[in-house]
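Q: Have a look at this one.
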Amino acid sequence: MAELDRRRAIGLIGLGGAGLVTAPVWGQALADLGLPGGNGSRPLTTAFPGKGSMILQRGRAPLLETPIDAFDGNVFTPNDRFFVRWHYDDIPTSVDVTRFRLKVSGAVRQPVALSLADLLAMPRVEIAAINQCSGNSRGRFFPRVPGAQWGDGAIGNARWTGVRLKDVLDRAGIAPGAIAVRLGGLDKPPPGAPAFEKSLELDHARDGEVMIAFQMNGAQLPMLNGFPIRLIVPGWYSTYWIKALERIEVLTAPDTGYWMDKAYRIPTAPRASVVPGAKDFPTVPINRMVPRAFFTNMADGASVVANSPFFVRGLAMGGAAGVARVDLSMDGGASWRAAPLGTDEGKYGFRLWNATIPALRPGGYRIAVRCTNANGETQVADPIWNPGGFMRNAIESIAVKAA
Ligand SMILES: Nc1nc2c(c(=O)[nH]1)N[C@H]1C(S)=C(S)[C@@H](COP(=O)(O)O)O[C@H]1N2
Ligand SMILES: [Mo]
């Protein structure tokens, strides 16, 4: 095992040096995200290192969305199709893995700086977990809100391998009075802007689920997804999943930094929803994810052969708890029928669902899909609204024409 680890650590050097393209070229192909009010057309690109065909939302700092075809039939999202989101232009393009250190400081008994070899020598954990941007599907908000106009592809599921954050914190030893940990990466803000840093309460950070991953689906992390190590916060939105993690600071007072105190906050109101245009409502930092279900083999407006059964399938997620059931409705939500589920790979990951729709007479139909999680949380038809465009989880449906 030790030998394997050494080889793995060496293997990290070569690929870690692959830089970002300097003059990206965008292909001619376009993806249509079907956003309300139009303007949902985006180029597809293969110009980013470690990435196949991606929907280009922004070149710098990169915002790359996963096209829906990459999700179809895949409970784990391939690394080369996994979405990418960075806030600041100055992102790491290479990492010297022999010099890299993860620093733990602040309210600790002994500050430590851990090498990748140190991390590789620690007890390992593995978890399947969905990484979903807080603003996934923001482009479907109505009225529209500012921010990346994502379709539904700012999400992905991977099997993450690494070490517990708890074990890393224990290497430094938590000092009395500690209440939270603040985490930051190798990306740098422009002059005068606050570093992209997020905090977790100490009990959460030490729950044994929050981990630092050095592998994603059995391979090293793509540079754009946080090579060499990133934070994994199962069940929580990915704003907390700090990429290229290089420092952890143990705090004795709440984090009053911009990215916790001002950004990524949601209304305290039910479903994080307020009346469009509302201001000055109470907020909390965004936290646990909520259930969602998607179609992956058919798009809105699909045509099927009349009088002949057809197959639909997709992916579901429970959010902070596992998927309990996925139901389909063909009568606008008046009645629901359970869809068979694929293998359970872990409560924080995607679950495949599928169904055979009985023969339809010629005409127009609408199929809706709804996920309910193990806590009994489910989806409803009417969409929420908040000014950040966060946490969309309205029931998805597709129009189908049988002819
Ligand atoms: N260091 C660093 N980590 C970060 C961010 C960032 O800008 N810098 N963005 C966060 C946000 S908002 C998202 S949605 C996820 C995206 O993860 P991905 O690019 O691996 O899909 O990274 C998170 N971690
Ligand atoms: Mo995000």
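The values are calculated or read from the model by the stated rules, or taken from the named source; none is laboratory data. Bear in mind that the values here come from a model prediction, so they are computed numbers and not experimental data. Because the Cβ atoms are built from the backbone with ideal geometry, glycine has one as well, and the counts that use them run over all protein chains shown.
Q: Look through E201, E197 and report the one residue that is farther than 16 Å from W86 by Cβ and either away from ligand 1 (no atom under 12 Å from the Cβ) or out of contact with any Ser or Thr (no Cβ under 9 Å at 6 or more places or on another chain) (or both).
A: Of E201, E197, the one residue that is farther than 16 Å from W86 by Cβ and either away from ligand 1 (no atom under 12 Å from the Cβ) or out of contact with any Ser or Thr (no Cβ under 9 Å at 6 or more places or on another chain) (or both) is E201.
Q: Let me ask another. Of all residues in the range 349-380, which are of a type in the set (A, V, I, L, M), buried (at least 20 other Cβ atoms within 10 Å of the Cβ) and over 17 Å from D331 (Cβ atoms)?
A: Hit for the range 349-380 is L352, nothing else.
Q: Moving on to the next point. Search the range 241-258 for residues being of a type outside the set (D, E, K, R) and crowded, with 21+ Cβ neighbours inside 10 Å, and hand back the single one that is nearest to ligand 2 (Cβ to nearest atom). Spell out the reasoning first.
A: Going through the range 241-258, the residues of a type outside the set (D, E, K, R) turn out to be 241-242, 244-245, 248, 250-254, 256-258.
Next cut, crowded, with 21+ Cβ neighbours inside 10 Å only: 241-242, 244-245, 248, 250.
Details: W241: 9, I242: 11, A244: 15, L245: 16, I248: 20, V250: 24 Å.
Step by step, filter the range 241-258, then rank; the result is W241.
Q: Enumerate the pairs (first residue in the range 147-170 and without any contact (Cβ under 8 Å) to a residue 24 or more places away in the chain and surrounded by fewer than 24 Cβ atoms within 10 Å (Cβ to Cβ); second residue anywhere and among the aromatic types (F, W, Y) and assigned to a strand (DSSP E or B)) with beta-carbon separation below 6 Å, excluding pairs fewer than 6 apart on the same chain, so at least 6 apart or on different chains.
A: Close Cβ pairs satisfying both conditions: none exist.
Q: Do you know which residues across the range 254-277 are touching a strand residue (DSSP E or B) at 6+ places or on another chain (Cβ under 8 Å) and in a loop (DSSP other than H, G, I, E, B)?
A: Of everything in the range 254-277, those that are touching a strand residue (DSSP E or B) at 6+ places or on another chain (Cβ under 8 Å) and in a loop (DSSP other than H, G, I, E, B) turn out to be P254, D255, G257, Y264, T268, S273, V274.
Q: With the condition being in the same structural domain as P191 (by TED's automatic domain parsing) and touching a residue at least 12 places away in the same chain (Cβ under 8 Å), I'd like the strands (runs of 3 or more DSSP E) fully within the range 29-122 carrying at least 2 qualifying residues.
A: Those strands (runs of 3 or more DSSP E) span 102-106, 112-114.
Q: Return the residue satisfying two criteria in turn: it lies in the range 33-47 and is touching a Phe, Trp or Tyr at 6+ places or on another chain (Cβ under 6 Å) and surrounded by fewer than 20 Cβ atoms within 10 Å (Cβ to Cβ), and of such residues it is farthest from F141 (Cα to Cα).
A: Among residues in the range 33-47 that are touching a Phe, Trp or Tyr at 6+ places or on another chain (Cβ under 6 Å) and surrounded by fewer than 20 Cβ atoms within 10 Å (Cβ to Cβ), the one farthest from F141 (Cα to Cα) is P43.
Q: Ok, one more. Given (1) more than 13 Å from ligand 1 (Cβ to nearest atom); (2) touching a residue at least 12 places away in the same chain (Cβ under 8 Å), where does D187 come up short, assuming only one miss?
A: Result: D187 passes all but (1).
Q: Kindly indicate whether any position in the range 48-55 is at pLDDT 95 or above, surrounded by 15 or more Cβ atoms within 10 Å (Cβ to Cβ), closer than 14 Å to W150 by Cβ and not hydroxyl-bearing (S, T, Y).
A: Yes, the range 48-55 has at least one match.
Q: Being of a type in the set (A, V, I, L, M, F, W, C), more than 21 Å from R81 (Cα to Cα) and out of contact with any Asp or Glu (no Cβ under 7 Å at 6 or more places or on another chain) is the requirement here; does I212 meet it?
A: Against the criterion (of a type in the set (A, V, I, L, M, F, W, C), more than 21 Å from R81 (Cα to Cα) and out of contact with any Asp or Glu (no Cβ under 7 Å at 6 or more places or on another chain)), I212 qualifies.
Q: In this structure, is G208 more than 16 Å from ligand 2 (Cβ to nearest atom), at pLDDT 95 or above and surrounded by fewer than 17 Cβ atoms within 10 Å (Cβ to Cβ)?
A: Yes; evaluated as a whole, the condition is true for this residue.
Let's see how each residue does on (1) assigned to a helix (DSSP H, G or I); (2) within 8 Å of ligand 1 (Cβ to nearest atom); (3) basic (K, R); (4) closer than 19 Å to V290 by Cα:
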residue	(1), (2), (3), (4)
S134	no, yes, no, yes
G139	yes, no, no, yes
A148	no, no, no, no
T161	no, no, no, no
D170	yes, no, no, no
P191	no, no, no, no
G208	no, no, no, no
A213	no, no, no, no
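Q: Evaluate the range 312-330: report whether one residue or more is assigned by TED's automatic domain parsing to the domain that holds A381, without any contact (Cβ under 8 Å) to a residue 40 or more places away in the chain and assigned to a loop (DSSP other than H, G, I, E, B).
A: yes
Q: With the structure loaded, tell me whether Q28 is touching a Leu at 6+ places or on another chain (Cβ under 9 Å) and modelled with pLDDT of 95 or more or whether it fails that test.
A: When the stated conditions are applied, Q28 does not pass them.
Q: State the number of residues belonging to the range 232-253 that are more than 8 Å from ligand 1 (Cβ to nearest atom) and either in a strand (DSSP E or B) or polar (S, T, N, Q) (or both).
A: So the answer is 9.
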